[in-house]
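What follows draws every value from the coordinates through simple rules; no lab data is involved. Since the structure is predicted, the reported quantities are computational estimates derived from the model, not experimental observations. Using ideal geometry, Cβ is built from the backbone for each residue, glycine included, and neighbour counts are taken over all protein chains shown.
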Amino acid sequence: MYKRVVLKLSGEALAAGKGFGVDVIRVHEIAAEIAEVHALGVELAIVVGGGNFFRGVAEQAKAMDRVSADNMGMLATVINALAVQDAIEKRGLHCRVMSAIEMNQVAEPYIRRRAIRHLEKGRVVIFAAGTGNPYFSTDTAASLRAMEIKADVLLKATKVEGIYDADPVITKDAVKFEQITYMEILRLGLKVMDTTAVSLCKDNNLPMIIFNLNGAGNIRRVISGEKVGSLVTA
């Protein structure tokens, strides 16, 4: 269904319910699914969050300068990227971490043309350190990178089945949207992604699918074109 995709993984997904740190077993489960998708011939890029270590807008960062807090959050994403890279390479795949903040000893600097070349050569690419700028979330980074590498779709892996008109954890009769437009997300104020990321996707006609990462095989099912999660279009 899709030739080149960007998969957005939250830091919380890597913590697997522990709330903090990296759950090695969960990371290897995700890596197994990524290997399965790669075997289909899909060019796969991944953007990781850092919420399992530090989040610039979290309660713990309230008394901090926002720029310092966001810089800490970006460094947290690099830790996660290295963990995912290690798990993917243990599956026998070639994987590159590209960081928006230069740290040559642990990751390549993000260069758009080089990232595309890695994908063309069949390597999995992980984009770390967000956009490299404070005040921008990793959701925005995922939208931006998807546009830059000309991805066919942006996949956002979450812990719910898709987009709902209310929080399904709190509201039991929340209604799921099978398909929705970016304009409706902004109008209804749905907390799917931050508004910068939504606007970027809307302005550049990039489709996005929100789906549940915890369903076994869901990444493959989404990429194969099965009706999983919620489809967002411009």
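What to note about this one:
- Each part reduced to its alpha carbon centroid, the range 109-175 and the range 179-198 end up 15 Å apart.
- Expressed as a fraction of 2.2 N^0.38 Å, the value expected for a compact globular protein of N residues, the C-alpha radius of gyration of the range 11-130 is 1.08.
- Net dipole in debye of the chain [+1 Lys, Arg Cβ; -1 Asp, Glu Cβ; about Cα centre; nearest 20]: 480 debye
- Kirkwood estimate for the chain, i.e. one over the average of 1/r between Cα atoms, Å: 17.7 Å
- Taking label positions 7 Å along the Cα-Cβ direction at both Arg117 and Glu226, the computed distance is 3.7 nm, reported to one decimal.
- Which listed pairs, of Lys62/Lys156; Lys121/Lys159; Lys18/Lys227; Lys159/Lys191, have C-alpha distances above 22 Å, in listed order: Lys62/Lys156; Lys121/Lys159; Lys18/Lys227
- Each Cα pair under 8 Å and six or more residues apart adds its separation to the average, and for the range 68-150 the resulting relative contact order is 31 percent.
- The ranking of Met193, Met72 from fewest to most other beta carbons within 10 Å of each one's beta carbon is Met72, Met193.
- Mean Kyte hydropathy of 0.0 or more with a Cα span along the axis of at least 20 Å, helices from DSSP in the chain: 24-38, 66-89
- Rounded if a/c under 1.5, otherwise prolate or oblate - the range 4-48, Cα gyration tensor axes: oblate
- Given charges at Cβ of Lys, Arg, Asp, Glu: the range 4-233 dipole, positive-most of Ala15, Met147, Ser230: Met147
- Simple label model, 7 Å out from Cα along Cβ direction - Thr181 to Arg66, nm: 3.0 nm
- Ranked for footprinting exposure by Cβ neighbours inside 10 Å, fewest first, Ser68, Ser143, Ser199 give Ser68, Ser199, Ser143.
- For Lys202, a cut-off of 16 angstrom between C-alpha atoms picks up these aspartates and glutamates, skipping any fewer than 8 places away in its own chain: Asp139, Glu148, Asp152, Glu184, Asp194.
- Of the residues Tyr164, Ala128, Ala174, the one whose Cα sits farthest towards the positive end of the charge dipole of the range 77-174 is Ala128 (charges of +1 on Lys and Arg Cβ, -1 on Asp and Glu Cβ, taken about the Cα centre).
- With the charge dipole of the chain set up from +1 on Lys and Arg Cβ and -1 on Asp and Glu Cβ about the Cα centre, the Cα lying farthest toward the positive end among the listed residues Ala216, Ala87, Leu188 is that of Ala87.
- DSSP bridge pairs, the chain: antiparallel proportion in percent, nearest 5: 15 percent
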